[in-house]
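Okay, so here's the structure we're looking at.
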Amino acid sequence: MTDHKIGTREEWLAAREQLLVREKEHTRLGDEIAQQRRELPWVPVDKEYRFDTDDGEKTLAELFDGRSQLLVYHFMFGPSYEAGCPTCSSVADGINGVLPHLHARDVTLLLVSQAPLEKLQTFRRRMGWRIPWVSSAGTDFNLDLGFSSTEEQTREWVAPMLDQLPPIADRNATETGTDVVGYLAESPGFSAFTMDDGGVYHAYSTGARGVEFLMGYYPILDRTPKGRDEGDAFQVWIRRHDEYESE
(Lines give C-alpha, C1' and ligand atoms only; values in the text may rest on other atoms or scores of the structure.)
Protein backbone atom coordinates (compact mmCIF):
# COMPACT_ATOMS: atom_id res chain seq x y z
CA MET A 1 0.00 0.00 0.00
CA THR A 2 1.25 3.49 -0.83
CA ASP A 3 2.57 5.67 1.98
CA HIS A 4 1.70 8.84 0.04
CA LYS A 5 -1.15 11.01 1.30
CA ILE A 6 -4.49 9.96 -0.23
CA GLY A 7 -7.39 12.39 -0.47
CA THR A 8 -10.69 13.19 -2.12
CA ARG A 9 -11.10 15.20 -5.33
CA GLU A 10 -12.24 18.16 -3.24
CA GLU A 11 -9.11 17.96 -1.04
CA TRP A 12 -6.97 17.75 -4.16
CA LEU A 13 -8.64 20.85 -5.67
CA ALA A 14 -8.12 22.84 -2.49
CA ALA A 15 -4.44 21.86 -2.28
CA ARG A 16 -4.00 22.54 -6.00
CA GLU A 17 -5.38 26.05 -5.59
CA GLN A 18 -2.87 26.74 -2.82
CA LEU A 19 -0.03 25.43 -4.97
CA LEU A 20 -1.21 27.51 -7.96
CA VAL A 21 -0.72 30.68 -5.94
CA ARG A 22 2.93 29.79 -5.38
CA GLU A 23 3.40 28.67 -9.00
CA LYS A 24 2.15 32.08 -10.21
CA GLU A 25 4.50 33.81 -7.77
CA HIS A 26 7.33 31.69 -9.16
CA THR A 27 6.43 32.67 -12.73
CA ARG A 28 6.32 36.38 -11.90
CA LEU A 29 9.63 36.14 -10.04
CA GLY A 30 11.12 34.41 -13.09
CA ASP A 31 9.98 37.32 -15.27
CA GLU A 32 11.61 39.80 -12.90
CA ILE A 33 14.88 37.85 -12.85
CA ALA A 34 14.87 37.63 -16.66
CA GLN A 35 14.54 41.41 -16.86
CA GLN A 36 17.38 41.87 -14.36
CA ARG A 37 19.48 39.46 -16.42
CA ARG A 38 18.92 41.57 -19.54
CA GLU A 39 19.90 44.72 -17.66
CA LEU A 40 23.39 43.44 -16.78
CA PRO A 41 26.13 45.71 -18.17
CA TRP A 42 27.73 44.53 -21.41
CA VAL A 43 31.47 43.90 -21.36
CA PRO A 44 33.40 44.61 -24.59
CA VAL A 45 35.24 41.56 -25.95
CA ASP A 46 38.56 42.99 -27.06
CA LYS A 47 40.53 39.75 -27.27
CA GLU A 48 40.84 38.20 -30.72
CA TYR A 49 39.53 34.66 -30.32
CA ARG A 50 39.71 32.33 -33.33
CA PHE A 51 37.74 29.08 -33.56
CA ASP A 52 38.01 26.03 -35.78
CA THR A 53 34.68 25.46 -37.53
CA ASP A 54 33.27 23.28 -40.30
CA ASP A 55 33.86 26.24 -42.62
CA GLY A 56 37.38 27.05 -41.54
CA GLU A 57 38.77 29.40 -38.92
CA LYS A 58 36.41 32.10 -37.67
CA THR A 59 36.50 34.95 -35.20
CA LEU A 60 33.92 35.34 -32.43
CA ALA A 61 32.20 38.04 -34.47
CA GLU A 62 31.94 35.71 -37.46
CA LEU A 63 30.25 33.05 -35.31
CA PHE A 64 27.20 35.34 -35.06
CA ASP A 65 26.45 34.27 -38.65
CA GLY A 66 24.82 37.55 -39.56
CA ARG A 67 22.63 37.81 -36.45
CA SER A 68 23.02 40.24 -33.57
CA GLN A 69 22.87 37.73 -30.69
CA LEU A 70 25.07 34.70 -30.07
CA LEU A 71 24.41 32.00 -27.47
CA VAL A 72 27.15 29.53 -26.64
CA TYR A 73 26.84 26.28 -24.72
CA HIS A 74 30.21 25.32 -23.26
CA PHE A 75 30.08 21.57 -23.91
CA MET A 76 32.37 19.41 -21.79
CA PHE A 77 34.63 17.78 -24.38
CA GLY A 78 38.23 18.47 -23.39
CA PRO A 79 41.43 17.64 -25.26
CA SER A 80 41.89 14.39 -23.32
CA TYR A 81 38.29 13.22 -23.85
CA GLU A 82 37.46 10.46 -26.32
CA ALA A 83 33.71 11.19 -26.26
CA GLY A 84 31.42 14.00 -25.16
CA CYS A 85 30.11 14.27 -21.60
CA PRO A 86 26.84 12.29 -21.28
CA THR A 87 25.13 15.10 -19.37
CA CYS A 88 26.17 17.74 -21.90
CA SER A 89 25.03 15.35 -24.63
CA SER A 90 21.56 15.31 -23.08
CA VAL A 91 21.57 19.12 -23.19
CA ALA A 92 22.53 19.13 -26.87
CA ASP A 93 19.67 16.70 -27.61
CA GLY A 94 17.21 19.25 -26.28
CA ILE A 95 18.54 22.38 -27.95
CA ASN A 96 19.28 20.78 -31.32
CA GLY A 97 15.65 21.04 -32.41
CA VAL A 98 15.04 24.67 -31.43
CA LEU A 99 17.52 26.27 -33.84
CA PRO A 100 14.93 27.47 -36.43
CA HIS A 101 12.91 29.18 -33.71
CA LEU A 102 15.98 30.95 -32.31
CA HIS A 103 17.12 32.01 -35.77
CA ALA A 104 13.69 33.59 -36.27
CA ARG A 105 14.40 35.77 -33.23
CA ASP A 106 17.82 36.99 -34.41
CA VAL A 107 19.72 34.45 -32.29
CA THR A 108 22.55 32.08 -33.25
CA LEU A 109 23.18 29.13 -30.92
CA LEU A 110 26.18 26.82 -31.05
CA LEU A 111 28.36 24.50 -28.98
CA VAL A 112 31.98 25.20 -28.14
CA SER A 113 34.55 22.76 -26.74
CA GLN A 114 38.28 22.51 -26.17
CA ALA A 115 38.74 19.24 -28.08
CA PRO A 116 40.06 19.28 -31.66
CA LEU A 117 37.40 19.88 -34.31
CA GLU A 118 37.75 16.41 -35.84
CA LYS A 119 36.76 14.77 -32.55
CA LEU A 120 33.76 17.05 -32.24
CA GLN A 121 32.64 16.37 -35.81
CA THR A 122 32.88 12.60 -35.32
CA PHE A 123 30.82 12.70 -32.13
CA ARG A 124 28.23 15.04 -33.64
CA ARG A 125 27.72 12.62 -36.54
CA ARG A 126 27.20 9.80 -34.06
CA MET A 127 24.60 11.82 -32.14
CA GLY A 128 22.85 13.07 -35.29
CA TRP A 129 22.91 16.73 -34.24
CA ARG A 130 22.59 19.67 -36.65
CA ILE A 131 23.70 22.31 -34.16
CA PRO A 132 27.00 23.99 -35.09
CA TRP A 133 29.95 22.93 -32.95
CA VAL A 134 33.23 24.83 -32.90
CA SER A 135 36.59 24.10 -31.31
CA SER A 136 38.27 26.63 -29.07
CA ALA A 137 41.50 24.59 -29.01
CA GLY A 138 44.46 26.95 -29.02
CA THR A 139 42.48 29.90 -27.63
CA ASP A 140 41.79 31.15 -24.11
CA PHE A 141 38.06 31.54 -24.74
CA ASN A 142 36.83 28.86 -22.33
CA LEU A 143 39.51 29.66 -19.77
CA ASP A 144 38.75 33.38 -19.82
CA LEU A 145 35.05 32.71 -19.27
CA GLY A 146 35.79 30.31 -16.42
CA PHE A 147 34.54 27.07 -17.97
CA SER A 148 37.93 25.40 -18.48
CA SER A 149 41.11 25.23 -16.44
CA THR A 150 44.57 23.82 -16.99
CA GLU A 151 45.40 20.32 -15.75
CA GLU A 152 47.68 21.84 -13.11
CA GLN A 153 44.96 24.18 -11.84
CA THR A 154 42.41 21.38 -11.79
CA ARG A 155 44.68 18.92 -10.00
CA GLU A 156 45.39 21.52 -7.32
CA TRP A 157 41.73 21.83 -6.28
CA VAL A 158 40.69 18.24 -7.03
CA ALA A 159 43.47 16.44 -5.13
CA PRO A 160 42.36 17.41 -1.59
CA MET A 161 38.76 16.35 -2.23
CA LEU A 162 39.05 13.22 -4.39
CA ASP A 163 37.21 11.16 -1.78
CA GLN A 164 34.42 13.74 -1.53
CA LEU A 165 33.55 14.08 -5.21
CA PRO A 166 30.02 13.00 -6.17
CA PRO A 167 29.68 9.68 -8.05
CA ILE A 168 28.88 11.53 -11.29
CA ALA A 169 32.48 12.80 -11.55
CA ASP A 170 34.11 9.37 -11.69
CA ARG A 171 31.32 7.90 -13.81
CA ASN A 172 31.48 10.63 -16.44
CA ALA A 173 35.27 10.61 -16.45
CA THR A 174 35.12 6.92 -17.38
CA GLU A 175 32.37 7.52 -19.93
CA THR A 176 34.41 10.23 -21.66
CA GLY A 177 37.59 8.16 -21.74
CA THR A 178 39.69 10.34 -19.45
CA ASP A 179 40.55 10.56 -15.75
CA VAL A 180 38.82 12.66 -13.12
CA VAL A 181 41.31 15.51 -13.41
CA GLY A 182 41.00 15.59 -17.19
CA TYR A 183 37.23 15.45 -16.96
CA LEU A 184 36.91 18.21 -14.34
CA ALA A 185 39.24 20.53 -16.26
CA GLU A 186 36.03 21.32 -18.16
CA SER A 187 32.72 22.50 -16.76
CA PRO A 188 29.33 23.12 -18.36
CA GLY A 189 28.32 26.68 -19.06
CA PHE A 190 26.15 29.00 -21.08
CA SER A 191 27.20 32.42 -22.37
CA ALA A 192 25.39 35.15 -24.26
CA PHE A 193 27.00 37.73 -26.53
CA THR A 194 25.62 40.60 -28.54
CA MET A 195 26.87 42.65 -31.45
CA ASP A 196 26.15 46.36 -31.57
CA ASP A 197 27.58 48.83 -34.09
CA GLY A 198 30.29 46.32 -35.03
CA GLY A 199 31.41 45.67 -31.46
CA VAL A 200 31.05 42.33 -29.67
CA TYR A 201 29.96 42.32 -26.02
CA HIS A 202 29.68 39.64 -23.36
CA ALA A 203 26.21 39.94 -21.84
CA TYR A 204 25.66 36.92 -19.58
CA SER A 205 27.10 33.61 -18.38
CA THR A 206 26.00 30.88 -16.02
CA GLY A 207 27.26 27.43 -15.05
CA ALA A 208 26.67 24.41 -12.82
CA ARG A 209 22.93 24.11 -12.02
CA GLY A 210 22.42 27.40 -13.81
CA VAL A 211 22.29 25.49 -17.10
CA GLU A 212 19.36 23.34 -16.00
CA PHE A 213 17.02 25.52 -18.06
CA LEU A 214 18.56 23.78 -21.08
CA MET A 215 17.78 20.32 -19.69
CA GLY A 216 14.17 20.04 -20.85
CA TYR A 217 13.59 16.68 -19.21
CA TYR A 218 14.11 18.09 -15.69
CA PRO A 219 11.06 20.41 -15.59
CA ILE A 220 9.04 17.54 -17.06
CA LEU A 221 10.26 15.14 -14.37
CA ASP A 222 9.58 17.81 -11.73
CA ARG A 223 5.89 17.43 -12.57
CA THR A 224 5.77 13.65 -12.22
CA PRO A 225 4.79 11.86 -9.00
CA LYS A 226 8.36 10.62 -8.44
CA GLY A 227 10.08 13.85 -9.51
CA ARG A 228 13.73 13.58 -10.49
CA ASP A 229 14.14 10.56 -8.22
CA GLU A 230 17.94 10.95 -8.13
CA GLY A 231 18.59 10.83 -4.41
CA ASP A 232 22.33 11.06 -3.79
CA ALA A 233 23.10 9.78 -7.29
CA PHE A 234 22.86 13.21 -8.96
CA GLN A 235 22.66 12.76 -12.77
CA VAL A 236 24.26 9.30 -12.65
CA TRP A 237 21.27 7.90 -14.53
CA ILE A 238 21.82 10.15 -17.57
CA ARG A 239 23.15 8.41 -20.68
CA ARG A 240 23.79 9.47 -24.23
CA HIS A 241 20.55 8.95 -26.13
CA ASP A 242 21.87 5.89 -28.01
CA GLU A 243 23.03 4.14 -24.83
CA TYR A 244 19.81 3.57 -22.88
CA GLU A 245 18.97 -0.13 -22.73
CA SER A 246 15.31 0.40 -23.53
CA GLU A 247 12.86 3.25 -24.10
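The values are calculated or read from the model by the stated rules, or taken from the named source; none is laboratory data. All values derive from a computational prediction rather than experimental measurement. Cβ: placed from backbone, ideal geometry, glycine included. Neighbour counts: every protein chain shown. Only protein heavy atoms, including side chains, enter the accessible area calculation; ligands, DNA and RNA are left aside. Shrake-Rupley method; radii C 1.70, N 1.55, O 1.52, S 1.80 Å.
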Exercise for the section: For ASP163, ASP229, write out the residues from largest to smallest accessible area, computed with a 1.4 angstrom probe and no ligands counted. Expected result: ASP163, ASP229
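Placing +1 at every Lys and Arg Cβ and -1 at every Asp and Glu Cβ, with all other atoms neutral, what dipole size does the chain have around its Cα centre, in debye to the nearest 20?
So the dipole magnitude of the chain works out to roughly 700 debye.
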Exercise for the section: Work out the length of the dipole vector of the range 134-247 about its Cα centre, built from +1 on the beta-carbon of each Lys and Arg and -1 on the beta-carbon of each Asp and Glu, and round it to the nearest 20 debye. Expected result: 340
Problem - Calculated P(r) of the range 157-247 - Cα pairs past 23 Å, % - result: 42
Fill in the blank from the handout: So the FRET efficiency between TYR217 and ASP179, C-beta based with R0 = 35 Å and rounded to 0.05, is 0.80
Problem - Cα gyration tensor of the range 1-142 - equivalent ellipsoid semi-axes, whole Å, descending - result: 40, 22, 14
Practice task
Using DSSP to define loop residues, name the GluC sites (Glu not before Pro) in the range 87-194 whose beta-carbon has at most 16 other beta-carbon atoms within 10 Å.
Solution key: none
Practice task
Give the cross-link partners of LYS226 among the lysines, using a straight C-alpha distance below 27 Å as the criterion and excluding same-chain residues fewer than 8 apart.
Solution key: LYS5, LYS24
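Normalised by the empirical 2.2 N^0.38 Å for globular proteins, what value does the Cα Rg of the range 1-56 take?
Normalised by 2.2 N^0.38 Å, the Cα Rg of the range 1-56 equals 2.35.
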Handout entry: Unit charges on C-beta of K, R, D, E only; dipole of the range 1-60, Debye
Key = 300
Fill in the blank from the handout: Here, GLU82 and ASP140, labelled 7 Å along Cα→Cβ, have an inter-label distance in nm of 3.3
Handout entry: Difference of contour (0.36 nm per residue) and Cα-Cα distance, VAL21 to ARG239
Key = 74.9 nm
Practice task
Round to the nearest 10 and report in Å² the accessible area of THR150, as given by a 1.4 Å probe over the protein chains' heavy atoms.
Solution key: 50
Handout entry: Contact order normalised by residue count of the range 20-90, Cα under 8 Å, 6+ apart, percent
Key = 12
Practice task
For a label point 7 Å from the Cα of GLU118 along Cα→C-beta, name the residues of the range 32-75 whose backbone N is under 17 Å from it.
Solution key: 52-57
Practice task
Could you grab the relative contact order for the range 81-170? Cα pairs under 8 Å, six or more apart, rounded to a whole percent.
Solution key: 24
Handout entry: Loop trypsin sites (Lys or Arg not before Pro), the range 190-247 (other Cβ atoms within 10 Å of the site Cβ: 12 or fewer; DSSP)
Key = ARG223, LYS226
Fill in the blank from the handout: Rounded to a whole %, the carbon-and-sulfur portion of the accessible area of the range 1-144 at a 1.4 Å probe is 52
Exercise for the section: Please check which bits of the range 39-54 a label hung off TYR204 would reach, taking the label as a point 7 Å along Cα-to-C-beta and the cut-off as backbone N under 12 Å. Expected result: 39-41
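What accessible area per residue, rounded to a whole number of Å², is obtained for the chain using a probe radius of 1.4 Å?
On the way: 14870 Å² over 247 residues.
So the chain comes to 60 Å² accessible per residue, rounded to a whole number.
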Problem - Dimensions in Å of the chain - Rg and Dmax from alpha carbons - result: 20.4, 66
Practice task
Only loop residues by DSSP count here, and only those with at most 10 other Cβ atoms within 10 Å; note down the chymotrypsin sites (Phe, Trp or Tyr not before Pro) in the range 218-247 that meet that.
Solution key: TYR244
Problem - Options PRO86, VAL21, PRO132, ranked by Cα towards positive dipole end of the chain, top entry (Cβ charges) - result: VAL21
